[in-house]
Amino acid sequence: MARVCHLNTCPVGVTSQKEELRKKFPGTPEHVVNFFHFVAEEIRNIMAHLGYTKFEDLIGRTDLLKENPDQMSRIAKTGAVELNPFFSGVPDSKESR
């Protein structure tokens, strides 16, 4: 990943305001907007499945996160990563925040 889009040097031209870089992006602004509408819809579906309607209710809820061994072993670099220590000591309820 280039991670330079915030510098107005996006290599694929998606976020650039420079015309020469924008010419590299084969889509239209409407394609980008449409993509994010689909992302938002998928997030709403996942949240509804979990019983939530607002992101505010999900913030800090590490008890909803779990490691997926299939995904962890799929990428060699993540095979030895242990995520549980990242979640220890984090409040798991609104009252304990």
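Please name all residue pairs, on different chains or six or more residues apart, with Cβ atoms under 8 Å, provided the first residue is in region 38-61 and is on the phi > 0 side of the Ramachandran plot and the second residue is of a type in the set (A, V, I, L, M) and surrounded by 10 or more Cβ atoms within 10 Å (Cβ to Cβ).
GLY60/VAL90
Out of all the residues in region 65-78, which are more than 23 Å from HIS49 (Cβ to Cβ) and exposed (fewer than 10 other Cβ atoms within 10 Å of the Cβ)?
ILE75, ALA76, LYS77
Quick check on THR62: is it surrounded by 11 or more Cβ atoms within 10 Å (Cβ to Cβ) and hydroxyl-bearing (Ser, Thr, Tyr)?
yes
Yes/no per residue for (1) of a type in the set (Val, Ile, Thr); (2) modelled with pLDDT under 75:
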{"site": "VAL12", "(1), (2)": "yes, yes"}
{"site": "HIS37", "(1), (2)": "no, no"}
{"site": "HIS49", "(1), (2)": "no, no"}
{"site": "GLU56", "(1), (2)": "no, no"}
{"site": "ASP63", "(1), (2)": "no, no"}
{"site": "ASN84", "(1), (2)": "no, yes"}
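The values are calculated or read from the model by the stated rules, or taken from the named source; none is laboratory data. As the structure is a computational prediction, the values presented were derived from the model and not from experiment. Virtual Cβ from ideal backbone geometry, glycine too; neighbours counted across all protein chains shown.
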